[in-house]
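Below is one structure, written out as structure tokens; the observations come after it.
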Amino acid sequence: MSTFRALTSRRPFTLLGIVLALLVIGAFVLVALNAGTTSNVPYQSVVVANADLKPRLPIDAASLAIKRIPVPANYPSVFFTKITDVQGMIPLVTILSGEAITSNVVVQASQALGSQSEYLPIPSGFVALTIPTSEQQGVAGYIQPGDYISVIVTVSAAGKTASLTIFTNLHVIRVGTNGSTGTSGASSLTVVVTQCQAEIITFFQQYSMKYSLESFHDYLSPDNQAKDPSCPTVDSAHGVTLQMIQKAYPTLF
């Protein structure tokens with residue numbers, strides 16, 4: 001009788017052990033099935049982000065890598081297979097490190113418009129200003145992005161005419177064209193200046209301005225362009241008047 005009771009008391013534990021064993025076996029079967037399914041998906045070498053990529057900033061090669069990922073056979077062709085195909089493109093959204101880069105989240109720099117365009121290369125403490133140009137005014141169209149120019153102003157006042165170079169080493173970052181009007185040649189230059197310089201150039205646009213193209217041997221590096229201590233921020237500019245210009249450039253008046 002005591003033996004029957006002992007067997008009876010151990011029966012729940014025996015049943016529990018059987019249930020646990022069945023669960024473990026079922027889990028192994030599911031893992032095996034999943035492994036078999038995954039192994040049937042072909043792998044493809046694609047371009048992935050090697051670091052977090054921010055919108056509007058061109059992608060450099062150091063931020064990219066090649067990684068093999070499973071890609072179903074009928075999956076749309078949205079991946080890139082070469083780093084050179086992605087280098088220089090502009091992300092439309094933030095791409096996290098390790099994510100595969102797809103064609104719907106990046107665009108060519110030439111296609112980036114409006115809020116999706118890349119940031120202009122403006123150093124801290126400076127601004128971008130667009131000034132008009134033409135063949136005679138702007139060195140026959142030879143001024144290109146990356147060049148440095150000097151600005152010459154000619155003023156006719158009080159019966160005399162005088163010319164003076166008011167600024168040198170202005171970095172050109174964009175060149176506008178007359179393509180929309182059906183004519184050729186540059187129509188504008190976007191240059192990097194301080195806000196104080198921007199006010200002075202804007203004042204002198206009522207007179208005659210010409211630009212000279214500086215030798216590339218004399219170019220400055222935009223990355224090393226030091227802030228002007230007399231105008232370190234946009235808030236440093238407080239406007240200009242004719243009297244202030246006459247005092248600053250007496251040979252013109």
(request) Give the number of residues within the stretch 213-253 that are over 29 Å from the mean Cα position of the chain (by Cα) and not in a helix (DSSP H, G or I). (result) 7
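Look at residue 50 and say whether it is exposed (fewer than 12 other Cβ atoms within 10 Å of the Cβ), farther than 13 Å from residue 105 by Cβ and of a type in the set (S, T, N, Q).
no
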(request) Can you tell me which residue among 26, 88, 17 is surrounded by 10 or more Cβ atoms within 10 Å (Cβ to Cβ), modelled with pLDDT under 95 and closer than 21 Å to residue 118 by Cα? (result) 88
(message) I'd like the full set of residues that are touching an Asp or Glu at 6+ places or on another chain (Cβ under 9 Å) and free of Cβ contacts under 8 Å to residues at least 40 places away in the same chain, limited to the stretch 43-68.
(response) 63
(request) Among the candidates 152, 166, 101, single out the residue that is surrounded by 15 or more Cβ atoms within 10 Å (Cβ to Cβ), at pLDDT 95 or above and closer than 30 Å to residue 80 by Cα. (result) 101
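The values are calculated or read from the model by the stated rules, or taken from the named source; none is laboratory data. Everything quoted here is computed from the prediction, not taken from an experiment. Quick reminder, even Gly has a Cβ in these numbers, built from the backbone with ideal geometry, and neighbours come from all protein chains shown.
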